[in-house]
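The next block holds one structure in the form of structure tokens; read it before the comments.
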Amino acid sequence: METKPFIIMVIEIVPQLGVDLVWDKVKHLVAKTNDAVLNDRDVLKFLQDGTYVLWVAIDSDTKEIITAMTVEFVLYPRDKVCRVVTIGGSKMSEWIQHITTLEEWAKSLGCSYMDMYGRRGWLKILTDYNEDCILLRKKL
């Protein structure tokens, strides 16, 4: 009987100074989220100036970047929120459980919530998030 190889996925932050080094590997993933108000060129500018932070999911076996996420911080009078702005890639079922790495990082930086705007289909995957005007929100 043939068994499926065990693939380990990790998600990790890309330091601001490393964005230009990995951009060619993630640009097509970011571009999947292009729309009328935000495109990959805008995202690159925000990553370079520190407005956004880049996170990637990496296949530990092949070292291939399979997903790219960008996040920003939003300040409210009583709370700091880490908002996922863009997310594009593949093999989500293999790395999504590691989203807690991003959540723990956000919490360590004083965030009390994680937000993600997205399609309703995300509710099936991020079951501990609540839909709020098609905004997924999780208390950290």
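The values are calculated or read from the model by the stated rules, or taken from the named source; none is laboratory data. Note that this is a predicted model, so its numbers are computed, not measured. Methodologically, a virtual Cβ is constructed for each residue, glycine included, from the backbone with ideal geometry; neighbour enumeration extends over all protein chains shown. Just the protein is used for accessible areas: all its heavy atoms, side chains included, with ligands, DNA and RNA removed. Shrake-Rupley method; radii C 1.70, N 1.55, O 1.52, S 1.80 Å.
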Quiz item: Roughly to the nearest percent, how much of the accessible area of the range 27-140 is carbon and sulfur, given a 1.4 Å probe?
Solution: 53 percent
Quiz prompt | Translational diffusion of the range 46-102, µm² s⁻¹ [Kirkwood Rh, Cα pairs; Stokes-Einstein; 4 °C; 1.567 mPa s] | solution = 103 µm²/s
Quiz item: With the contact rule set at Cα under 8 Å and sequence spacing of 6 or more, what percent relative contact order holds for the range 1-110?
Solution: 29 percent
Exercise. Return one whole number: the accessible area per residue of the range 1-114 in Å², for a 1.4 Å probe.
Key: 59 Å²
Quiz item: Pairs LYS27/LYS63; LYS25/LYS63; LYS25/LYS80; LYS45/LYS91: which exceed 22 Å Cα-Cα?
Solution: LYS25/LYS80; LYS45/LYS91
Quiz item: When the solvent-accessible surface of protein heavy atoms is calculated with a 1.4 angstrom probe, in what order do ASP35, ASP42, ASP24, ASP115 fall, highest first?
Solution: ASP24, ASP35, ASP42, ASP115
Practice problem: Counting other Cβ atoms within 10 Å, keep those with at most 12, restrict to DSSP loop, and tell me which trypsin sites (Lys or Arg not before Pro) in the range 85-120 are left. | Solution: ARG119, ARG120
Exercise. Wrap a convex hull around the Cα atoms of the chain, take a quarter of its surface area, and give that in square nanometres.
Key: 9.7 nm²
Practice problem: From largest accessible area down, sort ARG78, ARG41, ARG83; use a 1.4 Å probe on the protein chains. | Solution: ARG78, ARG41, ARG83
Exercise. Report the accessible area of SER108, computed with a 1.4 Å probe over the heavy atoms of all protein chains in place, in Å² rounded to the nearest 10.
Key: 90 Å²
